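Derivation of every value follows stated rules applied to the coordinates shown; laboratory data play no part. Everything numeric here is computed off the predicted structure, so don't read it as measured data. Ideal geometry is used to build each Cβ from the backbone, glycine not excepted, and the neighbour counts take in all protein chains shown.
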Amino acid sequence: MSHLTKEPLSSGKRIFFQKHMTHHVLLEMDHEWIVDLENCFLIRDPREVILSYIKKNPELALEDLGFVQQAEIFNFVCARTDSVPPVVDARDVLENPERILRWLCEAIGVEFDEAMLSWRPGLRETDGIWAKHWYPEVATSTSFRPYKPTKGAVPDRLRAIEARCRQCYDKLHQHRLR
């Protein structure tokens with residue numbers, strides 16, 4: 001991991017963005033490399049995550065959603081850096097993209113740019129192999145769309161998973177940028 005965290009960036013670049021999906025960062029892995037990065041955490045309401053997820057994969061386990069892993073990684077970063085990294089709630093971004101992105105940029109020492117608020121439609125090479133399956137709406141967008149609450153209730157069989165995810169979400173939510 002040191003080549004991703006300690007070596008100079010190519011072409012004189014100052015920022016190397018890495019998106020890590022928490023369900024891929026296993027708890028038994030060594031996480032020391034994370035403390036050398038400027039971390040921030042993106043959260044989303046568990047009910048909305050579950051209702052979205054089961055459209056693509058109706059059979060899910062707690063571990064598939066990454067809430068527990070995210071909370072553990074958050075705790076690790078807080079403990080090892082003696083600071084609380086920025087937390088951004090997806091709903092807050094959709095309700096006021098410019099304000100939240102300005103706050104996030106300030107928190108991580110990056111200059112805000114209006115270009116962060118819009119983009120060209122389509123998939124990108126950096127989106128990964130699953131983007132076309134998981135993010136078709138993102139590929140057609142050109143900017144942040146207004147927040148629309150997800151309708152529906154979590155099926156009874158997934159209520160315990162939702163409750164556990166909610167505990168983790170609430171812990172991070174109290175630290176969100178606002």
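What do you get for GluC sites (Glu not before Pro) in segment 99-178 restricted to DSSP loop and a cutoff of at most 14 other Cβ within 10 Å of the site's Cβ?
Listed in order of number, the matching sites are Glu111.
If you scale each eigenvalue of the Cα gyration tensor by 5 and take the root, what three semi-axes come out for segment 19-173, rounded to whole angstrom and sorted largest first?
Each semi-axis is √(5λ); the values are 24, 23, 16 Å.
Take each of the peptides 59-66, 10-17, 145-152, average the number of other beta-carbon atoms within 10 Å over its residues, and list them starting from the highest.
59-66, 145-152, 10-17
Let me have the 222 nm mean residue ellipticity of the chain computed from DSSP H runs of 4+ only, each contributing -39500 (n - 2.57), with the sum over all residues rounded to the nearest 500.
Estimated from H runs of four or more residues: -11500 deg cm²/dmol.
With +1 on each Lys and Arg Cβ and -1 on each Asp and Glu Cβ, how big is the dipole of segment 19-173 about its Cα centre, in debye rounded to the nearest 20?
That gives a dipole near 840 debye.
With unit charges on the beta carbons (Lys and Arg positive, Asp and Glu negative) and the dipole taken about the Cα centre of segment 19-173, which residue among Ala160, Ile129, Ala79 sits farthest to the positive side?
Result: Ala160, furthest along the dipole toward the positive end.
Given the chain, what count of lysine pairs have C-alpha atoms under 23 Å apart, with each pair 8 or more places apart or on different chains?
Total qualifying Lys-Lys pairs in the chain comes to 11.
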